[in-house]
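What follows is a set of notes on a single structure, which appears directly below.
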Amino acid sequence: MPIRIQENDFDLSAEIAALRQGDPRVGAVVTFLGTVRDMNDGSQVKEMTLEHYPGMTEKALEEIITQAKARWDIYQALVIHRVGPLLPEDQIVLVAVTSAHRGEAFAACEFMMDYLKTAAPFWKKEDTPGGARWVDARVTDDAAMARWKKN
Amino acid sequence: MKLELRFFASLREALETSQESIDAPATVKTIADLRIFLVQRGGAWAQALAEGKALRCALNQHMVDANTSLQEGAEVAFFPPVTGG
């Protein structure tokens, strides 16, 4: 299944191995792994909690993969996103793409991450020394997504 | 018109509500109309859903803009801009 939303951690090597297994056409695998930082907007982050919109999240991630496959000549795409409580250094998100050559896989992976950042219904709440706070969306994420709409 | 409302993240906390079934009056035809109708409840609703607040909306679990028309039985969600990844 190319989409997973889960509380549990995941094994990067095992996921990549499964994604390309049995497909000798694959010459490139590009992955993006997002991890929890211990600092955001000048505050220490002790823990964070990820909330999502069950039902819509799956639809949004499926749409991301559908669009990536329509735009680039890629074979497989995988998105794993964790929800629930997470600590600094924890893995949060994995996007992985296989293709014959690296160019298509790099572009598709970056597109999928930019799309996920602006369209998938996840929200981060950080626990800082000053109290809990919801993370604000970044204008730079919208700008990153807008690049893909121009071409 | 019967609607299923959903609220997430900071908006859910501000409203102290994650979901609600309502029967909206006939004047509520679009998502923008629904937002105005909810603001008229006053208190936390007026504050959290005020016109200047950056909110996103989804109709039947697809992100849409506020001019989108509502249909009977639709699931309508309001939430702040997303921050996953």
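The values are calculated or read from the model by the stated rules, or taken from the named source; none is laboratory data. Treat the numbers as computed from the prediction; the structure is a model and nothing was measured. Every residue, glycine as well, gets a Cβ built from its backbone with ideal geometry; the counts of neighbours run over all protein chains shown.
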(request) Could you figure out which of (1) modelled with pLDDT of 95 or more; (2) of a type outside the set (D, E, K, R); (3) part of a helix (DSSP H, G or I) isn't true of A:THR140? (result) (1)
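Residue-by-condition table, conditions (1) more than 12 Å from B:GLY84 (Cα to Cα); (2) of a type in the set (Lys, Arg):
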| position | (1), (2) |
| --- | --- |
| A:LEU78 | yes, no |
| A:GLY103 | yes, no |
| A:GLU110 | yes, no |
| A:MET113 | no, no |
| A:LYS124 | no, yes |
| A:ASP127 | yes, no |
| A:ARG133 | yes, yes |
(request) Would you point out the residue of the range A:46-65, among those that are more than 13 Å from chain B (Cβ to nearest Cβ) and either exposed (fewer than 15 other Cβ atoms within 10 Å of the Cβ) or of a type in the set (A, V, I, L, M, F, W, C) (or both), that is farthest from A:SER99 (Cα to Cα)? (result) A:LYS46
(message) Of everything in the range A:75-96, what is among the hydrophobic types (A, V, I, L, M, F, W, C) and under 10 Å from the mean Cα position of the chain (by Cα)? Give them in sequence order.
(response) A:LEU78, A:VAL79, A:ILE80, A:ILE92, A:VAL93, A:LEU94, A:VAL95, A:ALA96
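Just the residues that are more than 30 Å from A:GLN44 (Cα to Cα) and surrounded by fewer than 23 Cβ atoms within 10 Å (Cβ to Cβ), please, taken from the range A:86-106.
Within the range A:86-106, A:ALA100, A:HIS101, A:ARG102, A:GLY103, A:GLU104, A:PHE106 qualify.
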(request) Taking the residues in the range A:98-129 that are more than 22 Å from A:GLU62 (Cα to Cα) and in contact with a Ser or Thr (Cβ under 6 Å, 6 or more places away or on another chain) as candidates, determine which candidate is nearest to the other protein chains (Cβ to nearest Cβ). (result) A:LYS125
